[in-house]
Structure formats: C-alpha cells, structure tokens
Amino acid sequence: MVQNIWKKMNLKKQIEKPKKIQGFDIDLNQENLSRIDRLVDRYESEILHQLNSDYTQRTKWSDRIADKIAQFGGSWKFIIYFSCTLAVWMIWNSLSITQAFHFDSEPFILLNLCLSFIAAFQAPVIMMSQNRQAIRDKNESMIDFAINYKAEQEIDDMQSRLHNIESQLTEIRDLLKQQKKEN
C-alpha cells in the first residue's frame, strides 16, 4: 500500500530519483517500505479479527443462524434456486403426463401458501439481521471516530511543532539579518 503510493509519487520524479529518502528518522528504502506495508497489513487484519471475534462472542447462536439465512436469502444463489423450484413446481403440476402426481393444480393455491409462508418468515429474519448489522456498523464507526480523533490530535500536535519551528526560524533569520547589518 505504502509502496504503491510511493511509486506513484516517484513516477513524476524519475529523472532525479534518490536512493534513500529521509522520513520520520528512518530511511525509506525498498526494504523499509515493504516492512511498513507488512506492519500496516498485519495491524488491519488484527483489528478485523478483533472486531469479528467480538461480534461472534456477543451474538447468540440463533442470531448467527438468522444472519446466515439473511445472507443466503439475499443472494443470487437463492434467486436462482427459488426460480428453478417455482418453475419445476408449476411445470410438474401443469403437465398432462404427470397428472396422476399433481399435488397443486392450477391456480397453485398451495404454491401461494408456501410463498406467503416464506415471505412472512424471511422478512423478519432479514430485518433482525439488518438490525444487528446496523449495530455492528455503529460500533465500527465509533472505532473509526476514535482513530480519526487520535489522528487529528497528532496532526494538531505536529502543526503546533511546525509553527514552533517556523517561529524559531523567523527568529534565527531576524538574528542573521541583525548580525549582517552589524557587520
């Protein structure tokens, strides 16, 4: 990640490409860039692992089943399986060849009952899953807020240090001007 950004920045400066670049008291050579990438990736994966384990510990078994049902019920796999099942149901109960085995003749009242049953139970399960996902998103947004707040504090600290350095440089410049006038 850091390497990709670094490469994009250096595409413009290919003519005067330095071998080492100073930043935060470390040389940003290729080895250190790959090390930083590994550390950032490991940190992100640890945070995701922690969030997932917290979520797993806090949710009940029935809630996880509801999440799995909602995940399947909102997928293309479900749409394809369900469409095929409906098509087979209607064809089976419409063909004259299978007339002896018809269990739901046209207007497919049993099919309508099954569809109503599925809709009546699938909608609340999906809503329960969405509510839990909203709670999880809220927790993740609070973590994001805390990280952003910490980053903002660090940026403010860096800005105050830069202003301090700027004022010291101004003082040094003024002293040099005075010394130059005296000489």
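The values are calculated or read from the model by the stated rules, or taken from the named source; none is laboratory data. Note that the coordinates shown come from a computational prediction; the quantities given were computed from them, not determined experimentally. Cβ sites come from the backbone with ideal geometry, for glycine too, and all protein chains shown count toward neighbours. For accessibility, only protein heavy atoms count, side chains too; no ligands or nucleic acids. Shrake-Rupley method; radii C 1.70, N 1.55, O 1.52, S 1.80 Å.
Taking first residues from segment 99-118 that are part of a loop (DSSP other than H, G, I, E, B) and partners that are open to solvent by less than 80 Å² (accessible area, probe 1.4 Å) and of a type in the set (A, V, I, L, M, F, W, C), the Cβ contacts under 6 Å between residues at least 6 apart in sequence or on separate chains come to 104/110; 104/111.
Yes/no per residue for (1) in contact with an Asp or Glu (Cβ under 9 Å, 6 or more places away or on another chain); (2) surrounded by 11 or more Cβ atoms within 10 Å (Cβ to Cβ):
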site	(1), (2)
63	no, yes
66	no, yes
69	no, yes
72	no, yes
75	no, yes
80	no, no
85	no, yes
90	yes, yes
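As for segment 140-155, it holds at least one residue that is under 24 Å from residue 67 (Cβ atoms), in contact (Cβ under 8 Å) with a residue 12 or more places away in the chain and either open to solvent by less than 90 Å² (accessible area, probe 1.4 Å) or among the charged types (D, E, K, R) (or both).
Do we find a residue being touching an Asp or Glu at 6+ places or on another chain (Cβ under 7 Å), open to solvent by less than 100 Å² (accessible area, probe 1.4 Å) and under 20 Å from residue 73 (Cα atoms) anywhere in segment 104-116? Working first, answer last.
Here is the first cut: in segment 104-116, the residues touching an Asp or Glu at 6+ places or on another chain (Cβ under 7 Å) are 110-111.
The next check asks that each one be open to solvent by less than 100 Å² (accessible area, probe 1.4 Å); those that pass are 110-111.
Then drop every residue that is not under 20 Å from residue 73 (Cα atoms), which leaves 111.
The answer is yes, given that some residue of segment 104-116 is touching an Asp or Glu at 6+ places or on another chain (Cβ under 7 Å), open to solvent by less than 100 Å² (accessible area, probe 1.4 Å) and under 20 Å from residue 73 (Cα atoms).
Answer yes if at least one residue in segment 30-38 is in contact with a helix residue (DSSP H, G or I) (Cβ under 8 Å, 6 or more places away or on another chain), assigned to a helix (DSSP H, G or I), hydrophobic (A, V, I, L, M, F, W, C) and modelled with pLDDT under 80, and no otherwise. Yes: one or more hits.
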